[in-house]
Amino acid sequence: MSLRAEDVSWSVGGRMIVAGVSLEPAPGQTVGLLGPNGSGKSTLLRLLAGVRRTSSGVVRLDGAPLEEIGRKGAARRIAVVEQEATPQVDLTVGDVVRLGRIPHRRAWAPLSSADEAAVEAALGHTGLTDQAEQSWHTLSGGERQRAHIARALAQEPRELLLDEPTNHLDVRHQLELLDLITRLPVTTVIALHDLNLASMFCDHLVVLREGRVVAAGPPERVVTPRLVSEVYGVRAVVSPDGPGGRPYVRFLPPTGEAR
Amino acid sequence: MRGLFAARPLLLWPAGCALLVASVAVAITIGPAGISVGEVAAVTVSRLGGADSGLSAIREGIVWDLRLPRTLLAAVCGAGLALCGVVMQSLLRNPLADPFVLGVSSGASTGAVLVVVLGVGGGALSLSTGAFLGAACSFALVLGLGHLSGGTTDRVVLSGVATMQLFSALTSLVVMSSADPEQTRGVLFWLLGSLSGASWPDVWPCLLVLLLALPACLGRAPALDALVFGQDAAGSLGIHVARTRLALLGVTALMTAALVSVVGAIGFVGLVLPHAARAIVGPGHRRLLPVSALAGAIFLVWADTVARTVLDPQELPVGVVTSLIGVPAFVHILYRGRRTA
């Protein structure tokens, strides 16, 4: 057992952003969250991380509600990679990755050898060992995302939540990044925009629309022309041309007729 | 830039503390009455219960009752303002934030003129008390406005700016409508920040607040580190963001109010010293907070020494000196940091 969301909702100003979502990723699985802008993906990730409190429903970690586990306890298990986070001051890659040790340290304690080891391992995993002293401002978009992932790994999480980590990356970096993420030995929930990337890399997909789950299952069951039309309002052809026969989506131009 | 000391933080402590003690000792010797470092030491030993200094009562008085409290107050204020600056910049994620961003100084000035010019309190309130109450009012207003407008950091900063304008206008209104030229000059001098006339009763409360605030901030150093990527990122690192923010805003507001009510609004220390300290030790708050405090203390000791001697026998408000020294230093930092921007 790992992370489980039971019928969670979150509303602001009377508007439901997440409405009764249940989710239980199998340990080690990569779950893709799909849905158009504003469908509640980011908010759901924040609820799963415990950064936001649910309006109703409960998120459990190994059976215990996140609220009982506490912020720090949750942060020792669950790491989050936010969308496009930029620092206010100049940091090195090493500074950023060391942030991941905060939940494991006491306020006054210096970095222990265990902390150092976790930071080294995270830098190694993401191929940033040689860039540890490099300034954040000199990094490319792909390196920044890898640094964020290294920071998350330094938390030594068993659950990793990522919010559109491939945004603003070129094709090669998108593929490399997702390949890196899916090979990590953690349970991953990842919000994605690209249906083909999601089909290629995720074991299980959850599609949200207006805060509700409209489809869930393995990619070949979820990604269909009908779903694409219903959720995104566009026409598409879906063929089993992805790697290992996974679905491949080809979009079609709007017809001008009523959809 | 962050070479030597970032790698060897242990060298920094003895070096910084020694430099501060030496600065205080040397600064005391500078002035119209020539006094040696040896005499400063002798007086200090004798007043702390050691052997008699062998100096005349007047010379002893100059050291112990005039220059020592003033220099110590400068050190305490410099440390406190720089510490508040670091906390504000990190907490509000704004490199332009300083201790006065929460409107504390303008509130203090309004409180001060109400007491001095309009005689509010009927003589029962001192200028310092009035200033402290004004500072507390404006801080409460900033927090209230910030909370009503959503509580995000930029809203807090905007609320601070609005409050600052409001209280500046109120201060001007009171001064223009009722102050005589003598009172106006007094208030203006105090507003710019001045350590003249500092005595031991001024030093103790400021020192006490600093000694309370320093560990309170240091204990939250990891939270300040975590906030570098914003609130949600800090939350996912296990930080109680709202709780941390309220505690640190409270601590810095209290400290700023205490300092401003004694010495006025000494500008630039809280804005610039954190940037200078960051250039020396990097962005980690475990080192940045104490190093900023040390640097601020040393800086203000020397700025005040310049302020009281350069136009002798006249005195400059120390705020004028901090800005005149601080602006070129700030430009230098900006220039050196240009490649990273």
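Take the residues of region B:187-232 that are of a type in the set (Val, Ile, Thr) and touching a Ser or Thr at 6+ places or on another chain (Cβ under 8 Å): which is farthest from the other protein chains (Cβ to nearest Cβ)?
B:Val187
Exactly one condition in (1) open to solvent by 10 Å² or more (accessible area, probe 1.4 Å); (2) assigned to a strand (DSSP E or B); (3) of a type outside the set (A, V, I, L, M) is false for A:Glu133; which is it?
Condition not satisfied by A:Glu133: (2).
Can A:Ser39 be described as surrounded by fewer than 18 Cβ atoms within 10 Å (Cβ to Cβ) and touching a residue at least 12 places away in the same chain (Cβ under 8 Å)?
no
List every residue pair whose Cβ atoms lie under 6 Å apart, where the two residues are 6 or more positions apart in sequence or sit on different chains, the first residue falls within region A:123-152 and is within 14 Å of chain B (Cβ to nearest Cβ), and the second residue, located anywhere, is of a type outside the set (A, V, I, L, M, F, W, C) and assigned to a helix (DSSP H, G or I).
A:Ala132/A:Gly94; A:Ser135/B:Thr340; A:His137/B:Thr340
Of the residues that make up region B:75-94, is at least one loosely packed, with under 14 Cβ neighbours inside 10 Å and not in a helix (DSSP H, G or I)?
Applying the first criterion (loosely packed, with under 14 Cβ neighbours inside 10 Å) to region B:75-94 yields none.
No, the conditions are met nowhere in region B:75-94.
Any idea how many residues of region A:72-121 are within 25 Å of B:Asn94 (Cβ to Cβ), within 21 Å of the chain's Cα centre (by Cα) and open to solvent by 40 Å² or more (accessible area, probe 1.4 Å)?
4
So the check is Cβ under 6 Å with 6+ separation or different chains; which pairs have a first residue in region B:233-256 that's within 11 Å of chain A (Cβ to nearest Cβ) and a second one that's open to solvent by 30 Å² or more (accessible area, probe 1.4 Å) and outside any helix (DSSP H, G or I)?
That search, which allows pairs on different chains as well, returns B:Gly235/A:Val51; B:Ser236/A:Val51; B:Thr244/B:Arg220.
Considering each of A:Val96, A:Val80, A:Val89, A:Val171 in turn, give the residue that is at pLDDT 90 or above and under 28 Å from B:Ala276 (Cα atoms). Outline the logic, then answer.
Values: A:Val80 fails: under 28 Å from B:Ala276 (Cα atoms); A:Val89 fails: at pLDDT 90 or above; A:Val171 fails: under 28 Å from B:Ala276 (Cα atoms).
Result of the check over A:Val96, A:Val80, A:Val89, A:Val171: A:Val96.
Filtering region A:49-76 down to residues that are assigned to a helix (DSSP H, G or I) and closer than 17 Å to B:Ala234 by Cβ, which residue is farthest from the other protein chains (Cβ to nearest Cβ)?
Only one residue fits best here, namely A:Leu66.
Quick one: would you say B:Asp202 is in a helix (DSSP H, G or I), of a type in the set (Asp, Glu) and modelled with pLDDT under 85?
Numbers: in a helix (DSSP H, G or I): yes; of a type in the set (Asp, Glu): yes; modelled with pLDDT under 85: no.
Taking the combined requirement at face value, the residue does not satisfy it.
Filter region B:257-271 down to the residues that are β-branched (Val, Ile, Thr) and part of a helix (DSSP H, G or I), then identify the one that is farthest from the other protein chains (Cβ to nearest Cβ).
Among them, the one singled out is B:Val262.
Restricting to region B:26-57, what's the tally of residues that are touching a residue at least 12 places away in the same chain (Cβ under 8 Å) and assigned to a loop (DSSP other than H, G, I, E, B)? Break it down stepwise before answering.
Applying the first criterion (touching a residue at least 12 places away in the same chain (Cβ under 8 Å)) to region B:26-57 yields B:27-28, B:30-33, B:35, B:37, B:39-44, B:46-47, B:53-55.
Retained after the next criterion (residues that are assigned to a loop (DSSP other than H, G, I, E, B)): B:30-33, B:35, B:53-55.
Number of matching residues: 8.
Can you tell me which of B:Arg308, B:Arg287 is open to solvent by 40 Å² or more (accessible area, probe 1.4 Å), basic (Lys, Arg) and either more than 20 Å from B:Gln89 (Cβ to Cβ) or touching a residue at least 12 places away in the same chain (Cβ under 8 Å) (or both)?
Matching residue, one of B:Arg308, B:Arg287: B:Arg287.
The values are calculated or read from the model by the stated rules, or taken from the named source; none is laboratory data. Only a predicted model underlies this, so the values are computations on that prediction, with no experimental measurement involved. All Cβ positions, glycine included, derive from the backbone under ideal geometry; neighbour counts span all protein chains shown. All accessible areas refer to the heavy atoms of the entire protein, side chains included, with ligands and DNA or RNA removed. Shrake-Rupley method; radii C 1.70, N 1.55, O 1.52, S 1.80 Å.
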